[in-house]
Structures are given as structure tokens and as C-alpha cells.
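Here is the structure we will look at, set down as C-alpha cells.
The values are calculated or read from the model by the stated rules, or taken from the named source; none is laboratory data. Keep in mind that what you see is a predicted model, and the values were worked out from it rather than measured. Neighbour counts are summed over all protein chains in view; Cβ atoms, including those assigned to glycine, are modelled from backbone coordinates with ideal geometry.
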Amino acid sequence: MNDIKNTKEYHAGNIKVLKGLEAVRKRPGMYIGDTNINGLHHMVYEVVDNSIDEAMAGFCNIIDITLTDRGSAIIEDNGRGIPVDMHPTENIPAATVVLTVLHAGGKFDQDTYKVSGGLHGVGVSVVNALSSKLIMTIHKNNKIYRQKFEKGIPTTELEIIGETKKHGTIIEFFPDSEIMEEINFNSETLIKRFKEMAYLTHGITIHFKDERSGIKETFHFEGGLTQFIKDINKGHFVTQIIDFEAKENDTEVEIALAYNEGYEEKVLSFVNNIRTPDGGTHEAGFRAGLSKAILNYIKENSGSKKVNAVAEDVKEGLIAIISTKVIDPQFEGQTKGKLGTSFVKGIVQKLTYEKISKFFEENPNQAKIIMEKIILAANAREAARSARETIRDKNKVSLSTLPGKFADCQSKDPTISEIYLVEGDSAGGSAKGGRDRKNQAILPLKGKILNVEKSRLGVILKSEEIRNMIIAFGCGIGDEFNLEKLRYHKIIIMTDADVDGSHIQTLLMTFFYRYLKDLIKHGYVYIAQPPLYCFEKSKGKNKKEKTYLKDDKAMSEFLIEKGIENFTFRGIGNAELLQILKMIAHYRNLIRDLERRFSVQGIIRFLIEDNAIDAHDLYSLSNKIESYLRNKKFNILKKSIEEFLIKFNVQTNLGLSEITIVKNLFYDKVFQECKSIYGKIKERELEFLEGKDIIACLEEIEESAKKGAELKRYKGLGEMNANELWETTMSPQNRTLIQVKIENDEQADEIFNIFMGDEVEPRRQYIQKHARDVKNLDV
């Protein structure tokens, strides 16, 4: 063995000891999952969980949560209040210990909390560590106590600041932008979580307020899990809701379930009010108990019918909520995604089996409805198996069994092989003519495939287009699925950039998500991005220079690079000039986005670029806007100020109109980004502008680049010949592919349900709520 020279000494001084909460600030992801939006929300949940624990212990029935326009979150409860007396071993107040010491809190003392969501005892101390500022206020012993912290370190002692008859704890924290990549809370996400908490916690009332937007919500559900089931089941019930509570060996189980007309299963599980999106032993116990009860009932009551129902059939159309209260539960990680406590499975399985069996005895009509539902699912599964066998038999013959114009590639190595799913025969012909035959296969699709959200697998497999895809992929589907047999490690959806193309993309994505999700999870599904523009300019006799541009951003940057060739700019180099102009172009695009979403054209730039604008003081803000409008020759007929908006009725040359400035504009992420970009632009010495408006100067440069050229906007793949399609969309050197990923499985499931399901009303409500968020609209 050769000697290794020491290039750097390694001694005791290299061993760093992280004291107090330093470890949290050094490795925040270990405690809250990430430093992005999920981690930010996790900070809120950790504090709210402490209040929920007080509620579950019977000492709290009101929680107030406020997102302030200062950027903080305030969580207040009417519980007992964190203890303020001196800690017996730490010699500082217990409240200070809770905020500054990891693994300190009442969660480790089963006399204080029999069950607890904040199991690890690290919650509020972690929030303190990751906050630029935190203020703890405690109402207890007829006194008001307060202590302030910065980055986890106390900046004041625990002080008595007044007297009170109230009791409870108030935590206000400001996420630290030095640690957190995202510090803007998302109301919609938080509201969903708080609503779940209200369903699950008997007697609790949760008030939520967002000062930035004016959103106010109150959650209190006497119906508990039964109401929860009604609200999450957007369709129609086949059965009545079955709900029960039971307890064994200090483990409490509360379950509500029903069956609907659909084919998808929706099961939500919780432990001590904490959502377990990855399931665990409590969910496994429920499934086992439910399956056993239903299959036993079918066996005893199906008469002469031969029924081959299995546990898989019990899932079809099932809607269920499982809530368990467990002393000292064992989760996987601080984010508590999966319950690992082994004994819980047996308890939940036993109680579920007993309660469901008893329900069937007492409600024979409902039991019969469920039995028939499961029998139908079993028959459909058998039909799907037969269809899969047909497909498998075709696979054994060869891909030549595929009808239509499928063109396989020469390679048999899936790691380099690609298959393009192409919209229509015309684009399919161009794709086949332009492809690399060695490793690129082409499967043209005739029109829109079946919407699989509305059909069982047996029906789906009768669709010729879907059968063709499954045969081509080679990996099978359902029980026959085998990822190792997949023939292509790139499955590329290539459709036109219009409404029909987007619809076909959505139908294909629904199919992949519902029946071939593993292809997405392993990163094998992509969406091709054909260019949106072609810039064509004559270069001498019978010669033309073509440049393909994938989107508006690429087009703008190209025009800038071409346009500056037509100008002389003093005192600035080309590299810096390009950087500034591209920054201005990005700024312009963001402003257009804001103007479209907030419908206040012309005023957005004023609100961004005036540093004296104060969104907190609406009266002062309204006066500034009024002055701006008068300078722009608007005739102001009326001005009104409400809690979260300012409204002007004005008259212009075009007639009467209404201008509304809502307060949440100033807290919008795009608005904040615009402020940041404009600040960076103004920091530069922009003498080359010669006093011109930054956007006007940019557009003058872009227009100069277009002179003598043709800028063509493509609408479909059919407008390209084989060479153009290869050069722009299929050549690995030039193409742009978007890899399809599932970032939030629950949210994806909900979106597919809303947009691809049978129910019209949820779809209408979603579109109305999110209409302003649309980025690409083809009308």
C-alpha cells in the first residue's frame, strides 16, 4: 500500500460542536424537510400542532391564526399557556427552555399529553431557530409574560408586561430569509391543512385571517369525520356513510367511510391529527380489516354466484378517513409522513373488522349495495385481465401486429431508445421522415384518446389507441406491468401548441398518471417543446437565414442581440448591455403578467417604481394613486377605500371605467420580483438610455431587429416539414424536452379528478377561482 501524504492536518479543532440551536440553522432540512415553501409551511404546522395538542388534552377550544402584512405568522390559542416557572435543572424559565432547547417540551411527559402530534419535542424551538425574530406571549396566572428572540437567541428575559384574565399562548414568528428560500406563505395550502385539523379535533374552532389579501375563514365541524367524508367526496354516494369510534390499550381509532360511483380510491390517514400521506401501520390495518369484513360477507351472502373478489376489488370507489390517537407513535422522520408503530396495525384491523361486520348485520340493505359494488369491480378486473392477456399475446408475436403507421426504431437497447407519441398522421409522417431511425420510434395517434378518468380498465383496454401504446411500450399494464420490459426510456408526447394539442396532452397525462404512474416516477415521460417562432431573413440571392425560437423569452433575447447591432452605445460593453436589456425584457414580461391578473394596466409600473409607496397605509396610498391618475389626465369621479382595496371610478376618452387596486397585489410573488429586478436595474449607470424610458428603449431595439425580416409564429407541427421537425424538435442537440414529474401526488390526484371527472360544478368553481392564474390562453 502506498503512503498517502497529509495535505491538511486533521485534529480536534476540526471537530465542530454545534451548540443550542446552531444545528438547526446549519441543517434546516433535517428538521423541516426543506427550506422552500413546504418547509415554510411546516414551521406554521409545528406551532399550530402544539395548540392542537392542548385541544386534544381538553384545555383549548379556539385557535387564531393570522398571516400579517409584515411577513409574520401569529398563532394564538386559549390553552393553559406554556409553563413560566423556573425549570428544575436548567435554572431558566420553562418557557425559555421550550423555545431554545431541542427535544424539550411537554410531549415527553405522558401526564401532560397522553397523545401528541408534536412528538419529537423539537417543533417550536426549530421554528425559533429559523426565524429572524420570534415573540412569545403567554397569558397565565392572571399575568401577561413576554420574551423576544432573534435567530433562536433570547434578546430579552421572560418579562411580566401586564395583567389579564385570559389564558393561552401566542407565538409570532418572522421566517429568516437568510435560511429560508421562500418566506411568503400560501393561504390556500395552509387553509386546507387547518380545515383538516378542524374536522379531526372535536370541539375546536380555528379562525384564519390573511391581512395581505383579506381572506378570513372559520372552521368548526360538529359532524367531524362524517362531514369530512361528505366534503371530500365531490361525486355521488352509492352507500350511506359508515362511521365509528373505538379504543383498545390506550389506542383510539376513529374511522368514517363510504363508497361512491367512481373507480378511484381516496383514503386519508392521520395519527394524533398529523396527516400521514405515506400511510403506515394504521392504514394497513384498516385495509386488512375492511377487506376481511367485506369478502367474508360476500362469501356468505352471494348465494349460488361464483365470485372471485379479492382485496384489490374492495378499493374501487372507496372514500375513507382514518384517524388514530397513539401514545408515543413512531414516525419516519420529523415530517411524520408514515406511521411505523407495529402494534397499531393489529388494533386497527381488529376494530375495523368488528365494527364493519356489525354494521352489515344491522344494515343488510347497505351491505348488499356494497357487496354488489365489489362484485362489479371483481368482474371488471377479470375483464381487464382478459384484455391484458390479449395485449400480452400480441406482444409475444411482434410489434408488427400494431395497426396504423407505427414505425419502430432499430435499437433494442431501451436506455437509448425513444418513442414519440405524435398527434395525427400528417405530423406523424413528418416525424418519421425526419427521425433518427436508429433509436427513435414514431407512434401516430388518431385524434383524442379515451378519457380514462371516467372508465374502468376493462373498458380502457378496448380503446385501439391505448392498446397500441401498451403494445409498443412492452411493459404491460395493471397486474401485468413490468418496468424491466419497457422498450423505451424516453416516451415523448409531441402535439401541436393549440387547444386540441393541449387536450391530447392532458388525456395522455391522465392515462399515464392513473395506469402507468411508475413511468412518470422513474423519469421516462417527456413533453416535446416545438418552437413557437421562426425568424427568417434574406442573406443574398435565393438564400435565407432561419432561426427557431422556442418561446417569447427566447424571441425577445434574440431580437435584443440582433437589434443592438443597429445602434451605437457609449460607455458600456456589449456583455453588460445584453445583461441589462435582458433584465429589462424579463421585467416587462412580469409586468404584463401582473397587469393581466390584476386588471390595472398602466398603474402597475408606478406602484413598483415609486419607492415611497406604502401598502400598509391605504389612505396615503390612495392619495398617491389619485395624484398619478390626475397627472395622466384621468377624470376621477369617485374614490372609495375598503379594508383591503382602493377603488376609483374614472372617465377617459374611451368612456367610464373602474380601477381597483387590491392590497394582496403588493404581496404577490411576481410583484415582489418586479420590485427586486427594478431595484437592480436602477443601481446600474444607464447613461446609454439617454433619458428614455427603459421599456421604450428595449422595444425600439427589438423593432429594429425585425426590419427586413419575417417573424413567423407556428400553430402546429404540420406546418413543419421533416427537416424542420428534426432540426427543431427531435434532434437531441437542439430540442427542448420537459420531463414530467409528480411533485405533489395528492394535489395531482385532485386536479385530475376535477378536470377529467364527471362532475361539472367542481370544475367550474376551480376555473372561476384560478382564472387569473392562467399563463397561456389560446382563444
Legend entry - Checklist (1) out of contact with any Asp or Glu (no Cβ under 9 Å at 6 or more places or on another chain); (2) within 22 Å of GLY71 (Cα to Cα); (3) part of a strand (DSSP E or B) applied to GLU188, failing item: (3)
Legend entry - Candidate set from the range 700-746 (those that are in contact with a Lys or Arg (Cβ under 8 Å, 6 or more places away or on another chain) and among the β-branched types (Val, Ile, Thr)); member that is surrounded by the most Cβ atoms within 10 Å (Cβ to Cβ): THR729
Legend entry - Output for the range 220-252, where each listed residue is free of Cβ contacts under 8 Å to residues at least 24 places away in the same chain, touching a strand residue (DSSP E or B) at 6+ places or on another chain (Cβ under 6 Å) and assigned to a loop (DSSP other than H, G, I, E, B): HIS220, ILE241
Legend entry - Lone unmet requirement of (1) more than 20 Å from the chain's Cα centre (by Cα); (2) surrounded by 18 or more Cβ atoms within 10 Å (Cβ to Cβ); (3) at pLDDT below 95; (4) closer than 20 Å to ARG275 by Cα for PHE219: (3)
Inset, instruction - Would you point out the residue of the range 239-251, among those that are surrounded by fewer than 17 Cβ atoms within 10 Å (Cβ to Cβ) and under 20 Å from PHE360 (Cα atoms), that is farthest from the chain's Cα centre (by Cα)? - result: ALA246
Inset, instruction - Would you please list the contacts, defined by Cβ atoms under 6 Å and residues six or more apart or on different chains, that run from a residue in the range 666-678 that is among the basic types (Lys, Arg) to a residue that is modelled with pLDDT of 90 or more and surrounded by 17 or more Cβ atoms within 10 Å (Cβ to Cβ)? - result: LYS675/ILE608
Inset, instruction - Check every one of the strands (runs of 3 or more DSSP E) wholly within the range 514-618 and list those with 2 or more residues that are buried (at least 16 other Cβ atoms within 10 Å of the Cβ), under 30 Å from the mean Cα position of the chain (by Cα) and modelled with pLDDT of 90 or more. - result: 525-528
Legend entry - Number of the condition not met by ASP479 [criteria: (1) under 26 Å from the mean Cα position of the chain (by Cα); (2) surrounded by fewer than 22 Cβ atoms within 10 Å (Cβ to Cβ); (3) at pLDDT below 90]: (1)
Legend entry - Hits in the range 260-280 - residues which are of a type outside the set (Gly, Ala, Ser), out of contact with any Phe, Trp or Tyr (no Cβ under 7 Å at 6 or more places or on another chain) and more than 24 Å from ALA57 (Cβ to Cβ): GLU261, TYR263, GLU264, GLU265, LYS266, VAL267, PRO277, ASP278
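Suppose we keep only residues that are of a type in the set (S, T, N, Q) and within 37 Å of the chain's Cα centre (by Cα) within the range 650-670. Which one would you say is modelled with the highest pLDDT?
At the first step, the residues of the range 650-670 found to be of a type in the set (S, T, N, Q) are 651-653, 657, 660, 664.
Add one more test, that the residue is within 37 Å of the chain's Cα centre (by Cα), and what stays is 657, 660, 664.
Details: SER657: 84, THR660: 89, ASN664: 86.
For the range 650-670, the residue satisfying everything is THR660.
Report whether or not LYS230 is more than 27 Å from ILE82 (Cα to Cα), modelled with pLDDT under 95, surrounded by fewer than 17 Cβ atoms within 10 Å (Cβ to Cβ) and not aliphatic (A, V, I, L, M).
Working: more than 27 Å from ILE82 (Cα to Cα): yes; modelled with pLDDT under 95: yes; surrounded by fewer than 17 Cβ atoms within 10 Å (Cβ to Cβ): yes; not aliphatic (A, V, I, L, M): yes.
Yes; evaluated as a whole, the condition is true for this residue.
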Inset, instruction - Could you please find all residues in the range 656-699 being within 21 Å of LYS562 (Cα to Cα), surrounded by 14 or more Cβ atoms within 10 Å (Cβ to Cβ) and not aromatic (Phe, Trp, Tyr)? - result: LEU686, LEU689, ILE694, ILE695, CYS697, LEU698, GLU699
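Among the residues of the range 141-176 satisfying the criterion of being within 36 Å of the chain's Cα centre (by Cα) and free of Cβ contacts under 8 Å to residues at least 24 places away in the same chain, which is farthest from SER131 (Cα to Cα)? Step through it out loud before you land on a result.
Of the range 141-176, the ones within 36 Å of the chain's Cα centre (by Cα) are 147-154, 168-176.
In the following step, the residues that additionally are free of Cβ contacts under 8 Å to residues at least 24 places away in the same chain were identified as 148, 150.
On the way: LYS148: 11, GLU150: 7 Å.
Within the range 141-176, the match that is farthest from SER131 (Cα to Cα) is LYS148.
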Legend entry - Subset of the range 41-65 (residues that are among the aliphatic types (A, V, I, L, M), in contact with a strand residue (DSSP E or B) (Cβ under 6 Å, 6 or more places away or on another chain) and assigned to a helix (DSSP H, G or I)): VAL44, VAL47, VAL48
Legend entry - Odd one out for ASN50, checked against (1) in contact with a Leu (Cβ under 9 Å, 6 or more places away or on another chain); (2) of a type outside the set (Asp, Glu); (3) buried (at least 22 other Cβ atoms within 10 Å of the Cβ): (1)
